[in-house]
Each structure stands twice: as C-alpha cells, then as structure tokens.
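To start, the structure under review is shown below, and the notes come after it.
The values are calculated or read from the model by the stated rules, or taken from the named source; none is laboratory data. Computed from a predicted model, the values in this text were never measured in an experiment. As a convention, Cβ positions derive from the backbone with ideal geometry for all residues, glycine included, and neighbour counts pool all protein chains shown.
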Amino acid sequence: MFNVHLILFLAFGAVCVAGAINLLAQSHPINSALSLIAVMAALAGEYLLLGAEFVAAVQVIVYAGAIMVLFVFVIMLLNAGVEDRTKGSRVAVLFGIPGMLLGSILVGWVVLRHSGTESVLAGALPGDPKTIGQMLFHEFLLPFEITSVLILIAIMGAVVLASKPPTAPARKVD
Amino acid sequence: MTSSLNLWLIPVLPLAGAAINGFLGKKSSRTAVSTIGLVFSGAAFAWALSVAWRFSVVSLPYQEYIAHWIRITGFSADFALYLDQLSLVMLLVVTGVGFLIHIYSVGYMWDDPSYYRFFSYLNLFMFFMLTLILANNYLLMFIGWEGVGLASYLLIGFWFTKDSAASAGKKAFIVNRIGDFGFLIGLFLIIQHFGSLNFTDVFDKVRPLSTETSGAGFLTAIGILLMVGACGKSAQIPLYVWLPDAMEGPTPVSALIHAATMVTAGVYMVSRSHMIFERAPQALMVVAVIGTLTALFAATIGITQTDIKKVLAYSTVSQLGYMFMACGVGAFSAGIFHLMTHAFFKGLLFLAAGSVIHAVGGEQDMRKMGGLRSYIPWTFLTMGIATLAIAGIPPFAGFWSKDEILWKAFSSEHGSWVFWLIGVVTAFITSFYMFRLLFMTFFGDYHGTQVDAHGHAAHGHDDHGHGEPHESPMVMLVPLMILALLSVVGGLVGIGNRFDHFLEPVFGSGVAEAAGEAASSVQEYLLMGVSVTVAVLGFILAYLLYVSKPYLPQKIADSLGSFYDAVLNKYYIDELYAKLFVKPLVDGSTSILWQGVDRKVIDDTVNNAADGARRVSDEVRHMQSGNLRSYAGWIAAGSAVVLGYMIWLGVR
Amino acid sequence: MVPLSYYLVLSGFLFACGVAGFLIKRNIITIFMSIELMLNGVNLSFVAFAAHWHALAGQVFVFFVMVVAAAESAVGLAIIIAVYRTRETLNVDQVNLLKL
C-alpha cells in the first residue's frame, strides 16, 4: 500500500496544494507569483513520477523559467501594490472560498468513488524526447508548424501592445 | 320574341350624366353642366316615353338580361330588368317628374358654387331610382334601394359645411339603415324558403301557397320584415324622423327625393311583393295600421309647424301613410294611383315653396311671409292648384286617388270602417293645414322686412337683395305650370276604374280586388260626398282662422297649453329617440368601445408589450456592465452548470 | 502504485483554485496567474491519462498547451501594460469600458 511512489506523490501534491491556496491567500501579487512558481516546480516533480521527462523539463524551462519570470518582471515594472480590501472582496472571500472547497470536495468524492483501483505505475510510459520528437514531426506536424506561426504573432502583438505610444506627431502647419 | 326595348338605357343615361358632370363639371361652365344634366335625364325620359309607346306590342312581363352577376348552386341573381304595367307607371312618373325638377334646378341652384356637384348627384339619384324600379330581382332592387339612400344622404347634406345639414344627412342614412336591416332579413327569409330572389321565381312559388290565416307563418314574417324596410325608406312610424330633418337639403331635392320618388320606393316594393302580402293577412294588417296611424300622426304635427318646408314634409309622411293604408287593405293599385298623383301635386308644392323661398330671399318661416299673391302671382296660382289637389277637392287629381283609397279602406275585405274614419279625419286635417299654409303665405300683409330679403342666406343660394319679393325666372316657372296641369288632369285616368284595369295584370291575381267592384255604387257616392265635405270644411276652418280672424290661432294655442306645445315639438319623438337609443349607444360606445376596448385592450396591449420589452432589457442589461469580474463570474457559472450536467450524465 | 483518481483529484483541485482566484482576486496580474494555475491543473490531468492509457499523444498535447500558454501570457501581459498606461490602475473593477 504505502510505497515510495505514493509518498513522493503525496509530497509533491502537498506542495501543489499549499502553493495554490497560498496564491489565493496572499494579497501582494509578488507573493502569489512566487507561490505559483512553487506549484509549477512541484508539478514538474509529478510529471517525472508519471514518466514524462520531456514534459517535466519543458515545464521547468518554459513555464517556471520563462513565463513566471515574465510575470515577475511585469509585477515589478508596474509596481503593483497590495490589493486593498473592499466590501466586495470580503464578500467574495466569504462566499468564494467555501464554495470552491465544496466544489472540489464534491468532484473529488465523485471521482474517487467511481474510479476503479487500477493504478498508474511509475514511469509507466517513458516520454523521452526522441519519441515525442518523432510524434511531433509525424502525427502532429501541422499543429507544430501552426504553433510557430502563433508564436510569431504573439511576439509581434506583445511588442506592439507594450511599446510606448508614439509622441504627438508634429502638426502640419497649414 | 319581341325585339329588345333596350331598357338598360334608361338607368344608364343618367349614370353617364352623373359621371360626366362629376368628373368634368368642376371646370365646366354652368351652361355645359346644365346641358349635360338636362340632356341625359331628358333622354331617359324620352326613352321611357318610347317604351310606353311600344308598350302594347311587348309581351309582358318583359325581362331584359344585361349581364351575369351571381351564379352559385342554389342561388343566382343577374343584372336584369323587368317591365310590366307597374314598373311602367313608376318609370314614367320618376323620369317625367325627375326631368321637370332638373329643369327647375337650373334656375334654383344657379348661384350655388357647387352647381356641378348638384347635377351630378341628381343624375346619380335618377340612376339608382331607375335601377330600383326596373330590377327583376330583389337583390338588384336592393342595390337601387341603398343607392337612393346614398344619393339622399349626399343631397340632404349638399351644403355640408352647415352642421345641421350634415347631421340631417347622417340621420337620414342611419335611420334608413335600420329599415334596411329588416329588409335584408326579409330577403334572407325569401332566399331560404324560395331559393331565389327573382320576382318571377319567387312569385311563381308563392302563388300556389294558401293564405296563412291561423297563426303567423313565414310569409307573415317576410311581409312584416319587408314592411320594416319600407318604413325606413318611406318614412313611416317609427322610422319617419329623418324626413322632416331632410328639409335641410335644397328644395329641388326635397321635391324629387322626399316627395315624388325616393320615399315612394317603399310603396313600390310593397306593391311589387303584393303576392306575399295577400297571403299573409297579419302582415297586411300591420301595413294598414302603420299607414293609418302615420297619416293621422303626421297630419296633426303639420298643423302647428311654421316652416313652410316642414309642413310639406309632414304632409308627405301623412300622404305616404295613405298609400300604405291602401296597400294594407289590399288596394295596391289605389296606392299606386295615389303615388302618381302625389308625385304631381307634392312635387309641385315643394317646387312652388322653393319659388316662394327664392322670392323672399331665403326666408322659410311662414310667419314672416304673407300677402305674397300680389308679388308672385304665377307661383300663387300653381301652388293654389296643388293645394286644391292635395285637399281632395274634385276634379283635381288628389280627389280621385284619395277617394279611391278611402273607398277601398271602407269596402275591401281587409279594410274596416275604422281605417276609413281615421282617413276621413286625416283628410280634414290635411285640407286644413294645407290651406293654412296657403293663407299664411299668400294672403294678409307681408310680414317680412325688406332687410330680411337680403340677409337670409340660410340656403346660401340667393340674395338678389331687391328688398321686395319677386317672381321666379321662367326656367323655374315652366315646370310648375306643367305639374299644375298634371295635378288638374292627372286624376282623370282613374275615372271608371281605368287605372285599376290597367294595373290589373299585375295585381289582378290577388284575392283582394274582386269584392270591391260589386259593392253598391250608392255607398260609394255617399262616401265620396263625405270626403269632399270634410275637405271643404278644412278650407273653411283655415279661412276662418287665418284670413278672417287671424287673432284666433294664438288664442286657441294658448288655451291648449302644454298639449299644443307637445304637438309643436313633434310630440318630442326626436328627444325620446335621443334618450332611448342615441344616448345609450353613444355612451356605451364611449365607455366600452373607446375607453375599454380601444384604449385598454388594444392600446395597452401594444404599450405593455413595448414596456415589457423595455423592462426585460433593463434587467438584462446589467449583464453587460463592463465589469470584467462579473463577466468572469458569468463564465464560471455557466461552465459550472455544464460541468455539473456532464458529471450527472456520467454518474447516471 | 498510485491510483489514477488521485492524480485527477489533484488536478481538479488545482483547477478549482484557479477558478476561485479568477473570481475572487481584483488585481489583473493575479487573475492571470490564476489562469495559468488552471492550465497547469489541466496539464496534469492530460499527463496522467496519457500514462494510464499508454498514449503518448497526451504528452504531446501538453507540449502544445504550454506553447499556447506562453503566447497568451506574453500578449496578455502586454495588454496589461497598455491598460496600466492609460488607466493608472491594476484594479480590474476599474477597467469597465467593455460594454455597449
């Protein structure tokens, strides 16, 4: 029953849960960002347990290493402050947290009750880069190429949107 | 098969005249308009004469088919014309008197700004009236019936800018409509029982039916309903109220429509349906009672009226009552005879009254007239002849026809001495008020002021403003003279029952005519003497009260007090109708139909629908608040619902 | 020997936290991070199923999800910067012009 696999799963899972709750609980966005990074790191560990090495690596590199860094940069750039407490936020917390808890308990119970006892073996499906690469370039070629276009568009969009607005153009004196 | 008489020309010619004058008349000169009007109505009269000329060689009843109209299984009605002795008499009367009145109108309406419209309407009326007379089925007759009602409305309200004229036109049309309702139901019953509205078809089917003696059967119902229609059109009790108001129209209109022709349509219709009536004695009784009562009732009102045209209006109602009395006792040909003579002398009376009004510059109140015989001798002469005729003094026309009616009322098997007695009393009253009119207008001193001659534009027609009554132009006098001649000799066709024999092929198959012939002639001459005596008595009384001792009428009026007032105010019948029928209807219409249905139901439905849409959208618009978090909330809620549904599906 | 359902519960919990943060928080950047949390939860679910059914396509899909998340966060943060320039605030309640 108790084996290393389960213990590791529970450990990483605890970190995930704690980080998620902390993200909600914190009032300053930078704290939320940091806890999100923690969640992502723990998730990478979970992926490893499932044998998805490549995905775990990409998670750390891209998600935690690039996206979250971007988030942190923006937070610091905009000098976002602490969220102030208003009446609305109190209400939201009062209703939202219990609601969310209730929802998740419900879902969890349903899932646990109606699933079988089959287990997932650790490292059941090795997701080594070679296999994934072959899949990417064979079955998933079209989506792969399209995502490259997507990234290009995203770059252009981000550059345009975030650039400083042009100063007032020199007026033509008529 | 005899050659075609081309009867259709007779109604169509005036229609063409009406169309030409109606569309082109506004821009045409008076001469052109009069020419068109006279030519077309004159042509109709000429053609009617030619038909009469060829009458003896035509097989009767003559039917002429013009066009196909309604043909469905079980029922058909066509545009077809029907000619027999009865329609020939009516035809000659309508076209002849109509033509004379057209001539008269040229003079009377000369100064009116809507000259062309008058002639257009007048010709239109002729068209409808001739359609009514010549129709070979009840449906076409009904078209003519409604059409003359329309023409009457148009002509009564000819000066529509005047409120009283417009209201009078409406009153005439509406009251007529009530009668038409009864008429229509009668027609429906005819269709139901006989399957057709053609005269020949219906009467062939009615002929073998036996008389309904016990209890009322469907023939009685038909008869009474037809009589309701006749009451409306011919102004009998209880639907006579429109006729006095109809005097708002120009005098030629009163002469043509409300004396000579339109109001006689009811008598014509009843006579045409004589076969039905003869087999329904209760219906005949109803006709006779209504006619007799109306005759007496209207005559009593005529005694007190001061407007010259109103006296003549009530006189018309009364004389129509005589005609219905005749029909009601089964003496249809006597009724038609009186119709003919009445057209002559009543038409003449109205035209002469118009001449009088024209002479005094628009004044219609007899109290402001008097002594006019030196100013307008020709008018006085012709009007005097007409008065003698209507009073029933031999050998003028009215005597022959009225006496025939009274005799038949007494002697016919449907008649009784009660009818006769009331008829004689009414004859006395008739003579009295007609001579009263004559004396008040033409004898004594002239009470009108010189200024009055200028100012009274009550008819908008004429103000020569000479300050002195003057004779009418020749174009108005010639018709008067012709009609006066007819009033003198017109009755002579009745001597020796020649008129009766002429109409015998039409009415002879009835059961009522035979008995009258055999009664003793002594009785007949005796009764004739009585009626002449009462006529003379009326003359004497009128002379006494209005020429010798002119202070007497006022004293008598005062002594009768409130009874006199009641008669003067037409027994307050108009007020009674207003209270009983008009006011509840108007109130009901206002409160129920207008406030209730129109406002609350219809308007409110529309308004509330719009309001509801607005209110709903007011609520829904909060969804688009621009607040990102509320959008997020809605998205989350929606997806929660979908998720929940999927879970539930999976769990099931 | 971890049952599949454990992974799914964890994934669902992460997703639920993401939704809650998305609804509760008023800072735009925090809302964005909640979105990322949601995506991560979903990724975990994909990988778990991939392992369970021995279908590598699940992992490939995760790869694509991450690419899209990257692109989306880049553009989204650029938008946030642009909004901040005009509105001077990061409070999402004050960015309320998105209406008719």
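Answer yes or no: is there a residue in the stretch C:8-28 that is at pLDDT 90 or above and more than 15 Å from A:GLY19 (Cα to Cα). The answer is no; no qualifying residue exists. Can you confirm whether the stretch C:32-43 contains a residue that is over 17 Å from A:GLN59 (Cα atoms) and out of contact with any strand residue (DSSP E or B) (no Cβ under 8 Å at 6 or more places or on another chain)? Scanning the stretch C:32-43, I find at least one residue that is over 17 Å from A:GLN59 (Cα atoms) and out of contact with any strand residue (DSSP E or B) (no Cβ under 8 Å at 6 or more places or on another chain), so the answer is yes.
What about C:ALA48, is it at the interface with chain A (Cβ under 7 Å from one of its Cβ atoms) and surrounded by fewer than 23 Cβ atoms within 10 Å (Cβ to Cβ)? No; evaluated as a whole, the condition is false for this residue. Scanning the stretch B:510-528 turns up one or more residues that are closer than 23 Å to B:VAL425 by Cα, at pLDDT 80 or above, aliphatic (A, V, I, L, M) and touching a helix residue (DSSP H, G or I) at 6+ places or on another chain (Cβ under 7 Å).
Scanning the stretch A:31-54 for residues that are more than 13 Å from the chain's Cα centre (by Cα) and buried (at least 17 other Cβ atoms within 10 Å of the Cβ) yields A:GLY45, A:GLU46, A:TYR47, A:LEU48, A:LEU49, A:LEU50, A:GLY51, A:ALA52, A:GLU53, A:PHE54. The one condition from (1) surrounded by 11 or more Cβ atoms within 10 Å (Cβ to Cβ); (2) of a type in the set (Phe, Trp, Tyr); (3) more than 50 Å from the chain's Cα centre (by Cα); (4) more than 14 Å from chain C (Cβ to nearest Cβ) that B:PHE581 does not meet is (3).
Condition first: small (Gly, Ala, Ser) and surrounded by 19 or more Cβ atoms within 10 Å (Cβ to Cβ). Now tell me which residues in the stretch B:156-186 satisfy that. Steps first, answer last, please.
The initial filter retains those residues of the stretch B:156-186 that are small (Gly, Ala, Ser), namely B:157, B:164-169, B:172, B:179, B:182, B:186.
Of everything in the stretch B:156-186, those that are small (Gly, Ala, Ser) and surrounded by 19 or more Cβ atoms within 10 Å (Cβ to Cβ) turn out to be B:GLY157, B:ALA165, B:ALA168, B:GLY169, B:ALA172, B:GLY179, B:GLY182, B:GLY186.
Counting only residues that are within 14 Å of chain C (Cβ to nearest Cβ), farther than 21 Å from C:SER34 by Cα and either in contact with an Asp or Glu (Cβ under 6 Å, 6 or more places away or on another chain) or hydrophobic (A, V, I, L, M, F, W, C) (or both), the stretch B:599-641 holds 2 of them. Taking the stretch B:465-508 as the range and being part of a loop (DSSP other than H, G, I, E, B) and either modelled with pLDDT of 80 or more or surrounded by 15 or more Cβ atoms within 10 Å (Cβ to Cβ) (or both) as the test, the residues that pass are B:PRO469, B:HIS470, B:GLU471, B:SER472, B:PRO473.
Among the residues in the stretch B:57-75, are any in contact (Cβ under 8 Å) with a residue 60 or more places away in the chain and either farther than 30 Å from B:PRO505 by Cβ or in contact with a His (Cβ under 8 Å, 6 or more places away or on another chain) (or both)? Yes, the stretch B:57-75 has at least one match. Of the residues making up the stretch B:565-574, none is loosely packed, with under 13 Cβ neighbours inside 10 Å and among the hydrophobic types (A, V, I, L, M, F, W, C). If you go through the stretch B:548-565 and pick out every residue that is free of Cβ contacts under 8 Å to residues at least 40 places away in the same chain and not in a helix (DSSP H, G or I), you end up with 3. Does the stretch B:12-34 contain at least one residue that is within 22 Å of B:PHE199 (Cβ to Cβ) and part of a helix (DSSP H, G or I)? Within the stretch B:12-34, one or more residues are within 22 Å of B:PHE199 (Cβ to Cβ) and part of a helix (DSSP H, G or I).
Conditions tested, residue by residue: (1) closer than 30 Å to C:ILE24 by Cβ; (2) in contact with a Pro (Cβ under 9 Å, 6 or more places away or on another chain); (3) modelled with pLDDT of 80 or more.
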{"site": "B:LEU560", "(1), (2), (3)": "no, no, no"}
{"site": "B:TYR577", "(1), (2), (3)": "no, yes, yes"}
{"site": "B:LEU585", "(1), (2), (3)": "no, no, yes"}
{"site": "B:ILE602", "(1), (2), (3)": "no, no, yes"}
{"site": "B:THR605", "(1), (2), (3)": "no, no, yes"}
{"site": "B:ASP611", "(1), (2), (3)": "no, no, yes"}
{"site": "B:MET623", "(1), (2), (3)": "yes, no, no"}
{"site": "B:VAL641", "(1), (2), (3)": "yes, no, yes"}
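Could you please let me know if B:ALA43 is part of a helix (DSSP H, G or I) and over 20 Å from the mean Cα position of the chain (by Cα)? So B:ALA43 passes the test.
Among the residues of the stretch A:1-57, just one is in contact with a helix residue (DSSP H, G or I) (Cβ under 6 Å, 6 or more places away or on another chain), free of Cβ contacts under 8 Å to residues at least 12 places away in the same chain and outside any helix (DSSP H, G or I), namely A:GLN26.
Filtering the stretch C:62-100 to residues that are within 13 Å of chain B (Cβ to nearest Cβ) and of a type in the set (Lys, Arg) leaves C:ARG87, C:LYS99.
Quick grid of which residues meet (1) crowded, with 17+ Cβ neighbours inside 10 Å; (2) in a helix (DSSP H, G or I):
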residue	(1), (2)
B:VAL51	yes, yes
B:ILE66	no, no
B:LEU81	yes, no
B:MET90	yes, yes
B:GLY98	yes, yes
B:ILE103	yes, yes
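Just so you know, in the stretch A:133-154 the residues that are of a type in the set (A, V, I, L, M, F, W, C) and facing chain C (nearest Cβ under 7 Å) include one that is farthest from C:PHE61 (Cα to Cα), and it is A:ALA154.
Of the listed requirements (1) at the interface with another protein chain (Cβ under 7 Å from one of its Cβ atoms); (2) of a type in the set (Ser, Thr, Tyr); (3) within 14 Å of A:VAL55 (Cβ to Cβ), C:TYR6 misses just one: (3).
On the given criteria, is C:THR30 more than 13 Å from C:SER11 (Cβ to Cβ), of a type in the set (Val, Ile, Thr) and under 15 Å from the mean Cα position of the chain (by Cα)? Yes. The set of residues in the stretch B:3-38 that are small (Gly, Ala, Ser) and buried (at least 16 other Cβ atoms within 10 Å of the Cβ) comprises B:ALA16, B:GLY17, B:ALA18, B:ALA19, B:GLY22, B:GLY25, B:SER28, B:SER34, B:GLY37. When C:VAL60, C:VAL47 are checked against the criterion of being within 22 Å of A:GLY19 (Cβ to Cβ), touching an Asp or Glu at 6+ places or on another chain (Cβ under 9 Å) and of a type outside the set (S, T, N, Q), a single residue qualifies: C:VAL47.
Scanning the stretch B:275-301 for residues that are under 22 Å from the mean Cα position of the chain (by Cα), over 15 Å from B:GLN319 (Cβ atoms) and of a type outside the set (A, V, I, L, M) turns up just one, B:PHE277.
The helices (runs of 4 or more DSSP H) falling completely within the stretch B:347-457 that include 2 or more residues that are closer than 27 Å to B:GLY96 by Cβ map to B:377-391, B:397-411, B:417-442.
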